[in-house]
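Quick note: the coordinates plus some simple rules give every number you see, no bench work behind them. Quantities reported herein were computed from a predicted structural model and do not represent experimental measurements. Note: ideal-geometry Cβ built from the backbone for every residue, glycine included; neighbour counts use all protein chains shown.
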Ligand code: AMP
């Protein structure tokens with residue numbers, strides 16, 4: 001069972017923020033910003049590759065509600081989902097990272113030269 005399924009099963013503790021029948025949000029254990037929250041579906045889906053458009057629509061509504069709750073709508077935030085090997089996805093259970101709380105940098109993503117694909 002993956003680590004996020006264990007969190008959903010309450011085999012591993014988490015620091016939750018909100019949930020409904022389909023999704024859970026909780027604080028990332030290794031925050032990369034003052035606010036770093038993960039949003040996951042309650043059923044196991046490996047990544048964005050496998051999510052249905054309907055579930056993404058429901059997840060969008062859930063995340064928008066979470067953004068209101070956190071009070072970050074006006075100041076802004078970043079949503080990221082990593083996919084597979086090149087996306088550097090560590091946990092193979094679909095999750096969105098919600099990063100906020102200060103102005104974020106546009107990071108150094110790869111050592112490969114981005115201009116090679118122009
Ligand atoms: P990714 O690299 O996109 O798969 O991100 C996985 C994220 O899960 C990382 O930011 C980790 O810090 C986070 N993480 C791993 N284990 C836990 C945990 N038990 N509770 C909260 N966050 C976790």
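Scanning region 102-117 for residues that are within 16 Å of the ligand (Cβ to nearest atom) and surrounded by 10 or more Cβ atoms within 10 Å (Cβ to Cβ) gives a single hit, 104.
Selection of region 21-33 for residues being surrounded by fewer than 18 Cβ atoms within 10 Å (Cβ to Cβ), near the ligand (Cβ under 7 Å from one of its atoms) and either in a strand (DSSP E or B) or without any contact (Cβ under 8 Å) to a residue 24 or more places away in the chain (or both) yields 27, 29, 30.
Taken together, the residues in region 34-45 that are away from the ligand (no atom under 11 Å from the Cβ) and either under 19 Å from residue 92 (Cβ atoms) or part of a loop (DSSP other than H, G, I, E, B) (or both) amount to 7. Scanning region 89-101 for residues that are assigned to a loop (DSSP other than H, G, I, E, B), surrounded by fewer than 19 Cβ atoms within 10 Å (Cβ to Cβ) and more than 6 Å from the ligand (Cβ to nearest atom) yields 92, 101. If you go through region 51-87 one residue at a time, how many are under 23 Å from residue 103 (Cα atoms), more than 16 Å from the ligand (Cβ to nearest atom) and not in a helix (DSSP H, G or I)? Number of matching residues: 6.
Looking at region 9-20, which of its residues are surrounded by 14 or more Cβ atoms within 10 Å (Cβ to Cβ) and either more than 15 Å from the chain's Cα centre (by Cα) or near the ligand (Cβ under 10 Å from one of its atoms) (or both)?
14 - this is the single residue of region 9-20 that is surrounded by 14 or more Cβ atoms within 10 Å (Cβ to Cβ) and either more than 15 Å from the chain's Cα centre (by Cα) or near the ligand (Cβ under 10 Å from one of its atoms) (or both).
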